[in-house]
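This report refers to the structure that appears directly beneath it.
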Amino acid sequence: MNNRTAASGETHVPLWESVFAVFGILLCSRALNNIFSVVPMEGEAIAPGGITAKLVIYLAFYGITAVLLMRDWNAFLQLVSRQKILVSLLVLALFSPLWSFDPMTSLEKVVGLFGCTSLGLYLYLRFPALNLLQILAAALAIILMASFFVALAYPETGLMTGAHEDLWRGVFQHKNRLGRYSVLAGVVFVTLAIWQPNQRALLIAGCGFALLLVVMSGSKTSLICGLIVFSCLAFYLFRDGRRGFAVGVTLFALISGACLVTQTVYKIVPSFLISEPANCLQKKLSGSSGACNIIEAASLRGPQSLKFKTGRGRVELWGHVLHKVKERPLLGYGVGGFWRGNKEPSNYIWEREPWHPTHAHNGFVDLAAQLGLIGAVIFGASVFSPALFAIRSGLTKGAQMETIVFGAILGSLLLGNLGESFLLKTNSFTWALMVATLLTLSSAERTTKRALARE
């Protein structure tokens, strides 16, 4: 295994391990879901109902990951001994089937949770920070290009139907997931461009491409996340004296904000403003004499979801979930034990929300529902120190690039959980990335403290 003290530079890692890591990201991101129907949805147990194909795919991958982890048993044990807070959260999740409303489902989900956690541990221990960022960039580039191709070539697969009709979802099953991974890709590309200026032009173009997919997905949570994270990165770049680069990143933040305002205030999906000129040109070429009003046409094409009061609706949903949390405030309902459709305890939610949500659209609320206030406090404690260290480093000139990069990734993950739920999610790469990110920032913080102590 590689020493994290070399994390700021590249090191030699066998090509097959890098390919294995990219495959793991694609598998756990759900990007393969429309290719291999046996891949479970994010958060789904590994083998509900004993479906053998799912069991084989995931257990084989997690088994190989565990073997690779155990190649350096001492490094693994040292890591576990240092990360007592994060380990406490996982131990709480491990025992949660004992008080779950659905013990068997909870047990299956715990297996998947520990599996994707092992992926996060493997990525952290095996790949120094720069290598890990490059692997992330490669995997996310594949996801973006595949989503772009599927949306254009196979719209019946790549576009949403129903309330979100014609919004892009790419290789995923929902537009919000495409938005989530697209904004994550944008953050990765920008931070990698800061770290590797010789590839800056290509990476900035990649960030623009990622932002295009965020816009086409119509995900408001992703636009908010992009606005905040890109603004913070621009502020850091201005302070660090890289004003030319900062202007470009500021432009990404402004585009995110403008699209958010257009969608929430004016009820026009920005992606339709992009596609309507092509429709107008097609009409003109076909000999139509009618005038083309692009803005009016885009507003008329808006999906039903534009009429939803999303913000107020989600706050009401959070209130319903927290009402049930009060019945089990300390330990919650167990991992996977809350959302059970029209059965207790989620039937209370379904009776009050006719759209029948399957999660709280807030990772922190869902965490409290699964592991109670104890789990929420432990998670908060595991995040507090790395997040504070990243913020302080961002306000300091000459900070380690490792800290800035993974601080931005941590920010995007935490902000994403304000509107979606992927904390402690089974078979979820975003949880694996959360683990790897927290470990990387903790390592950087220890290194900084040791350096200051020697001065």
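The values are calculated or read from the model by the stated rules, or taken from the named source; none is laboratory data. Bear in mind the structure is a predicted one, so any value in this text is a computation, not a measurement. Here Cβ is always computed from backbone atoms with ideal geometry, including for glycine, and neighbour counts include all displayed protein chains. What goes into the accessible areas is simple: the full protein's heavy atoms, side chains included, and nothing from ligands, DNA or RNA. Shrake-Rupley method; radii C 1.70, N 1.55, O 1.52, S 1.80 Å.
Quick look at the numbers
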read-out: Distance in nm between pseudo-label sites at Gln78 and Phe114 (7 Å out along the Cβ direction from Cα); value: 2.5 nm
read-out: FRET efficiency for Val13 and Arg242, using Cβ-Cβ distance with R0 set to 22 Å, rounded to 0.05; value: 0.15
read-out: Sorted peptide list for 398-408, 66-76, criterion being average Cβ within 10 angstrom, highest first; value: 398-408, 66-76
read-out: Linear extension gain, Arg454 paired with Phe149, 0.36 nm per residue minus alpha-carbon span; value: 104.5 nm
read-out: Neighbourhood net charge (13 Å Cβ-Cβ; Lys/Arg +1, Asp/Glu -1) for Phe114; value: +1
read-out: Mean separation of Cα contacts under 8 Å (6+ apart) over length of the chain, as relative contact order %; value: 21 percent
read-out: Residue-wise HN-Hα coupling along the stretch 227-237, computed from phi with Karplus coefficients 6.51, -1.76, 1.60 (Hz; x: Gly, Pro); value: 4, 6, 5, 5, 5, 5, 5, 5, 4, 4, 5
read-out: Backbone HN-Hα couplings from phi across the stretch 437-444 [Karplus 6.51/-1.76/1.60, Hz, Gly and Pro as x]; value: 5, 4, 5, 5, 5, 4, 5, 5
read-out: Residues with amide H under 5 Å from that of Ser29, placed H, sequence gap 5 or more; value: Phe429
read-out: Under the Karplus curve 6.51 cos²θ - 1.76 cosθ + 1.60, θ = phi - 60°, whole-Hz ³J(HN,Hα) for the stretch 405-411, x wherever Gly or Pro sits; value: 4, 7, x, 5, 5, 4, x
read-out: Placed amide H near Arg169: partners under 5 Å, 5+ positions off or other chain; value: Leu159, Met160
read-out: Heavy-atom accessible surface of the stretch 402-450: percent carbon and sulfur, 1.4 Å; value: 65 percent
read-out: Residues of the stretch 91-130 with amide N under 20 Å of the 7 Å Cα→Cβ point at Asn342; value: 102
read-out: Total charge dipole magnitude, the chain, about the Cα centre, Cβ charges on Lys, Arg, Asp, Glu only, Debye to nearest 20; value: 780 debye
read-out: Net length gained if the chain between Met104 and Val91 were fully extended (0.36 nm per residue, minus Cα distance); value: 3.0 nm
read-out: Accessible-area composition of the stretch 133-188, carbon plus sulfur, in percent [1.4 Å probe]; value: 64 percent
read-out: Average accessible area per residue (Å²) across the chain - probe 1.4 Å, nucleic acids and ligands excluded; value: 43 Å²
read-out: Ellipticity estimate at 222 nm from DSSP helix runs (n ≥ 4, -39,500 (n - 2.57)) divided over the chain, nearest 500; value: -22500 deg cm²/dmol
